[in-house]
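*Asks:* Please see the structure below; I have some questions.
The values are calculated or read from the model by the stated rules, or taken from the named source; none is laboratory data. Owing to the predicted nature of the structure, the values given are computational and were not obtained by experimental measurement. Using ideal geometry, Cβ is built from the backbone for each residue, glycine included, and neighbour counts are taken over all protein chains shown. Keep in mind that these areas ignore ligands, DNA and RNA; they rest on the heavy atoms of the full protein, side chains included. Shrake-Rupley method; radii C 1.70, N 1.55, O 1.52, S 1.80 Å.
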Amino acid sequence: MERPTLSVLINNYNYARFVGRAIDSVLSQAEGNVEIIAVDDGSTDHSRSVLEAYGNRVKVIFQENAGQAAAINAAVGSSTGEILCFLDADDWWAPSKLSATAAAFRANPQASLVYHRLQPTLVDGTPTSKPIPRTLCSGALSSLLTRSAGWWPFPLTSAVAVRRSAWDAAGNIPEQFRISADAWLVGIYPFLGDVIAMPDPLGFYRIHNNNWYRPTEDAATLRRRMTHWQHTVEATNLFLSTHELPARLHLRDHYPYRVASAKLQGADALTRVKLAIEGLFFAGEPNLLRRTRDSLRSARGLSRFGLDVGLPGVAK
């Protein structure tokens, strides 16, 4: 049997109501020579019956709950494709997703990662807001990530595909990434090769209560984000050191982290001005207009009274 060119890797946890649409969107792709591997990460709903109904069209792996990174690692370990395409069980793809991804890799042999925009939708699949990310970044991005502590207008999991040779060089995703495992993919692979951005929204990102990013920013949410960003910087630096790559990330360069810290601690007028100026030069947003807008909005949204005065100061 010919080796599949593309492996589609679906991670699922208690998304029985969504995962069927994700799988169907892969089965309807125009691109041939594709394998589908779904890992169920210890679901307690009726995911098993949904997944097993696909028979030999989908290779299904059931494991005890271990988190998103472990689920993705298990899927990759059972795959054989040259290109690895990731899909969260609550999202789905447009019919041309895989053919466009394969063409992008063929046209760019130096690319380690290819991505596209996603169209946000409501729970029922109704489109809402503009496709994300708004700013697209292509080419050699390692210098940008070094200057921004790894932050850039990154794609989400269901928009990301990587070359197997790059996966083999990077190794498995550290299992500390129980959620937001895409932070490893978009943070590490730009150091292993070029990044190619496709402008079309070739997938759909379902917004619901289990998403990592929420519209509200209470103290607990901000603390979780800051801890995640800090751990991501540490994991990236460990990777760079282990692979004898010269770049290093510094949390002081992570503008969203600094803004979140100011929201928790409170910010006087001088701090707000300093953060506004700092945001104007933040390397993580290459688009000048969006960078200017975001920095002014961030500074204007800060209060003198913080949400959590007990949080330690920004790491140096």
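*Asks:* How much accessible area does HIS243 have with a 1.4 Å probe, in Å² rounded to the nearest 10?
*Replies:* That residue has around 80 Å² of solvent-accessible surface.
*Asks:* Could you rank ASP45, ASP200, ASP88 by how accessible they are, 1.4 Å probe, largest area first?
*Replies:* So, going from the largest accessible area down, we get ASP200, ASP45, ASP88.
*Asks:* Can I ask one more? In nm, to one decimal, how far is the modelled label at GLN176 from the one at SER143, with both set 7 Å along Cα→Cβ?
*Replies:* In this crude label model, GLN176 to SER143 measures out at 3.0 nm.
*Asks:* Provide Rg and Dmax in Å for region 219-302, with only Cα atoms included in the calculation.
*Replies:* Considering region 219-302 through its Cα atoms, Rg and Dmax are 14.2, 43 Å.
*Asks:* Heavy atoms only, probe 1.4 angstrom, no DNA, RNA or ligands counted: give me ARG291, ARG272 ranked by accessible area, highest first.
*Replies:* ARG272, ARG291
*Asks:* With the contact rule set at Cα under 8 Å and sequence spacing of 6 or more, what percent relative contact order holds for the chain? Intermediate results must be reported in sequence, preceding the final value.
*Replies:* Details: 601 pairs, mean separation 56.3, N = 316.
RCO, the chain: 18 percent.
*Asks:* Further question: Rounded to the nearest 10 Å², what accessible area does THR44 show when all protein chains are kept and the probe is 1.4 Å?
*Replies:* 120 Å²
*Asks:* Right, something else. State which stretch of the chain is the longest one without any exposed chymotrypsin sites (Phe, Trp or Tyr not before Pro), exposure meaning a DSSP loop state and at most 16 other Cβ atoms within 10 Å. Don't jump to the answer; show the numbers that get you there.
*Replies:* Working: sites that count: TRP212, TYR213, PHE281, PHE305.
Segment 1-211 is the longest.
*Asks:* At q = 0.09, 0.11 Å⁻¹, what base-10 log of I(q)/I(0) does the Debye formula yield for region 1-105 when every alpha carbon is treated as an equal point scatterer in vacuo?
*Replies:* After summing over all Cα pairs, the log10 values are -0.19, -0.29.
*Asks:* In addition: Accessible area per residue, 1.4 Å probe, Å², for region 219-302: what's the number?
*Replies:* Here the residues of region 219-302 average 52 Å² of exposed surface.
*Asks:* Next question, about the same structure. Taking a cut-off of 16 Å, what percent of all Cα-Cα pairs in region 259-310 are separated by more than that?
*Replies:* Looking at region 259-310, the distances longer than 16 Å represent 37 percent of pairs.
*Asks:* Quick check: the distance between the Cα centres of region 101-154 and region 1-47, to the nearest angstrom?
*Replies:* 21 Å
*Asks:* Using the heavy atoms of the protein chains alone and a 1.4 angstrom probe, what is the accessible area of region 6-206 per residue in square angstrom?
*Replies:* Working: 7300 Å² over 201 residues.
Roughly 36 Å² per residue, with all protein chains present.
*Asks:* What number do you get for region 113-272 when its Cα radius of gyration is normalised by 2.2 N^0.38 Å, N = residues?
*Replies:* Cα Rg divided by the expected 2.2 N^0.38 Å: 1.08.
*Asks:* The list [x] 35, 60, 5; [y] 32, 58, 10, 0; [z] 25, 43, 26, 6, 0 gives values of P(r) over Cα pairs in 20 Å bins from 0, in percent, and only one came from this structure; which label was calculated from it?
*Replies:* Answer label, from the structure shown: [y].
*Asks:* Moving to a separate point now. What accessible area, in Å² to the nearest ten, does a 1.4 Å probe give for VAL50?
*Replies:* VAL50 exposes around 30 Å² with every protein chain in place.
*Asks:* To continue, here is another question. Looking at region 6-206 only, what percent of DSSP beta bridges run antiparallel? Nearest 5 please.
*Replies:* Of all bridge pairs located within region 6-206, approximately 30 percent are antiparallel.
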